[in-house]
1. What net charge is computed for the residues neighbouring Gln180, neighbours being all others with C-beta under 14 Å from the C-beta of Gln180, Lys and Arg scored +1, Asp and Glu -1?
2. Give me the one-decimal nm value for the distance between modelled label points at Arg94 and Val130, 7 Å along each residue's Cα-to-Cβ direction.
3. Tell me which residues come under 5 Å, amide H to amide H, from Ile7 once H is placed; ignore anything under 5 positions away on its chain.
4. Working from the pairwise distances between different alpha carbons, so that the mean of 1/r is found and then inverted, what is the range 5-90's Kirkwood radius in Å?
5. What full-extension length gain, to one decimal in nm, is calculated for Glu112 and Glu26 as 0.36 nm per residue of separation minus the Cα-Cα distance?
6. Between the range 69-86 and the range 121-161, what's the alpha-carbon centroid distance in Å?
7. For the chain, how many pairs of lysine residues have a Cα-Cα distance under 18 Å, where the two are 8 or more positions apart or belong to different chains?
8. Quick one: 3J(HN,Hα) in Hz for the range 18-28, Karplus 6.51/-1.76/1.60 with θ = phi - 60°, rounded, Gly and Pro as x.
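FYI, it's all coordinate maths here, none of it is from the lab. Please read all numbers here as calculations on a predicted model, not as lab measurements. FYI the Cβ positions are ideal-geometry reconstructions off the backbone, even for glycines, and counts take in every protein chain you see.
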Amino acid sequence: MATRSIIDGFAFADDADVSLASAEIEKIKYIAGKMNMDNPRGVLAVYDKLITSGIFVTPVGYEYLRTLQGYLYKCKDIPDDAVKEIPVPVSYTRALNLRSEERDEKMSQQREARTLRKTFRNEYKISLIVNIILIIVVIAMFVITLRAENPNMINYRTAILNQYSEWEQELNEREAAIKQKELELEK
C-alpha cells in the first residue's frame, strides 16, 4: 500500500489521488485569483460552470464548491433555488459495502487459516498417538518373538543350539544309562 499523503487537511491513500488534489488546488488558486467576489452574479456563473463541467472530483475541490455555495446562499441578490446542488458521483454506500466485503473476506481468510492450523494440530496429535501406538506394537512384537519357543529369524540360532545341546545331553544320559545297565549285567 502506498504511503498516505495529506493535502489541504485530507489524507489520501493513493498517489494518483494526491496528484489530482494538488492539481485541483492549483485550479482553485487560479479561479480564486480571477474571480470577483463582489459580483454575486459572476460568482454564480463561475459556480454553475464548475458544477456542469465536473472539474472537481476530490474532497478538496468539493470543499471549494461548498464554500462558493455557502457564499451564494448568503447573498441576498441570488435566490436559493438558483444555486445548484453539488453532484457527488461517488456512491458512498458502494464504497462502504466494498470495504465491508474486503473486511469480511480478510476475516474469512483468517478464519480459514485458524481452521487449517487447528486441523493441522489435530492431525498432528492423531498422527503422534498412532505413531506411539505403532512403536509400542513393534516393541511388543520383538519381545514376543524373543520369548517364543519356536525358532524364528531372530532367535533361530539360539533355538537350534539349544535343541542340539538338549539332544546331546539326552544322548549322554542314554549312553550313561546303557553303560550302567551293561555294568549291572556284567556283574
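1. Working: positive: Arg174, Lys179, Lys181, Lys187; negative: Glu173, Glu175, Glu182, Glu184, Glu186.
Local charge sum for Gln180: -1.
2. Here the answer is 5.2 nm between the modelled labels.
3. Phe12
4. About 13.6 Å, per the Kirkwood formula over Cα pairs.
5. Taking Glu112 through Glu26 to full extension adds about 26.1 nm, to one decimal.
6. Taking the Cα centre of each part, the range 69-86 and the range 121-161 sit 95 Å apart.
7. Numbers: Lys27/Lys49; Lys29/Lys49; Lys34/Lys49; Lys49/Lys84; Lys74/Lys84; Lys76/Lys84; Lys179/Lys187.
Close lysine pairs under the 18 Å cut-off: 7.
8. Per-residue couplings from phi come out as 5, 4, 4, 5, 5, 5, 5, 4, 5, 5, 4 Hz.
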